[in-house]
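Asker: The structure follows.
Throughout, read-outs are computed from the coordinates displayed, never taken from laboratory work. Predicted, not measured: the structure shown is a model, and the values here were computed from it. Cβ atoms come from the backbone with ideal geometry, glycine included; neighbour counts cover every protein chain shown.
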Amino acid sequence: MALETWPPYMYADAGGKPAGLDIELAQAIFREARCTLIITDEVPRKRRQKMYEDGTLNLLLAASDTPEREKTSYFTLPYRREVAALMALTPKAAQYASVRSFADLRARKILLVSPNSGWYGPDYATNLPAMQAASSVVFFEDFQQGIRMIKAQHGDVILGDLVALTWEARKQNIPVAPLPMPVFSDDVHMMLSRRSAIPADVEALNAAINRLEKNGTLAQIRARYGLH
């Protein structure tokens, strides 16, 4: 697999070594399966996808299992959940606690700070055009920028991956809290190229995931990053 810069899931630490939640989970699973995990240097996203399709890169992490991907990929059992949330500055979170939908945000003129790409559930997808038309949403490129926008009060609430937002807010020493409204969550899997993997590889990884879930190893790793 190729390293990606997506803290706190995957990144290079101060010594240049792969680090992060997904890296630790993958290393534990491969070690338990007695398989070798080779992590190459980071490559651009489009090139990484092409390498995967060619079979020269045989593993991608944090993948959603879809019928389209099943044609070219094997999927392991899920190894964590991907959780999206709405968050606000901690002193202001209580005033948004009654929000129940993205339509509520627009109706109450609450300005949303949102990623400029990604899937955040059907409620968000349905309401996004109306929010854009009402100028009730502004976009950010990365979580560092998004947290800075909330701090500078360029928006009221922020949308994004719960773990990534929490991680970045802690780095910037900005207190944020999640809102009660559920946004979106889904299981993610390891995805292996059918060009370079065989069913026995997936079976070995699945057996390892089952053992590590039963003995609590994966839960302990996830908990260190705030994912319960």
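Asker: At what distance in nm do the modelled label points of Arg108 and Lys151 sit from each other, each positioned 7 Å from its Cα along Cα→Cβ?
Answerer: 2.6 nm
Asker: Filter the trypsin sites (Lys or Arg not before Pro) in the stretch 138-228 to those in DSSP coil with at most 16 other Cβ atoms within 10 Å of their Cβ, and list the result.
Answerer: Arg194, Arg195
Asker: Give the average over all directions of the projected area of the C-alpha convex hull of the stretch 55-115, one decimal, in nm².
Answerer: Seen from a random direction, the Cα hull of the stretch 55-115 projects 7.1 nm² on average.
Asker: Along the stretch 179-189, what does the Karplus equation 6.51 cos²θ - 1.76 cosθ + 1.60 (θ = phi - 60°) give for ³J(HN,Hα), rounded to whole Hz, x for Gly and Pro?
Answerer: Karplus-based 3J(HN,Hα) across the stretch 179-189 equals 8, x, 4, x, 10, 6, 8, 7, 6, 10, 10 Hz.
Asker: Hey, another quick one. Label points 7 Å out from Cα along the Cβ direction at Lys171 and Ala97: separation in nm?
Answerer: Inter-label distance under the simple model: 3.0 nm.
Asker: Can I ask one more? Can you check what the net charge comes to around Gln172, using other residues whose Cβ is under 13 Å from the Cβ of Gln172 (Lys, Arg +1; Asp, Glu -1)?
Answerer: In short, +2.
Asker: Given the rule -39500 (n - 2.57) for each run of at least 4 DSSP H residues, summed and divided by the residues of the chain, what is its mean residue ellipticity at 222 nm, to the nearest 500 deg cm²/dmol?
Answerer: Mean residue ellipticity at 222 nm (helix-derived): -11000 deg cm²/dmol.
Asker: So, by mean Cβ neighbours within 10 angstrom, what's the order for 155-163, 109-117 with the highest one leading?
Answerer: 155-163, 109-117
Asker: Starting from the Cα of Ser196, move 7 Å in the Cα-to-Cβ direction to define the label point; list residues of the stretch 52-81 whose amide nitrogen is under 13 Å from there.
Answerer: What the label zone holds, given the 13 Å backbone N cut-off, is 52-61.
Asker: Compactness ratio of the stretch 1-159: Cα Rg over 2.2 N^0.38 Å, N = residue count?
Answerer: So the stretch 1-159 has a normalised radius of gyration of 1.25.
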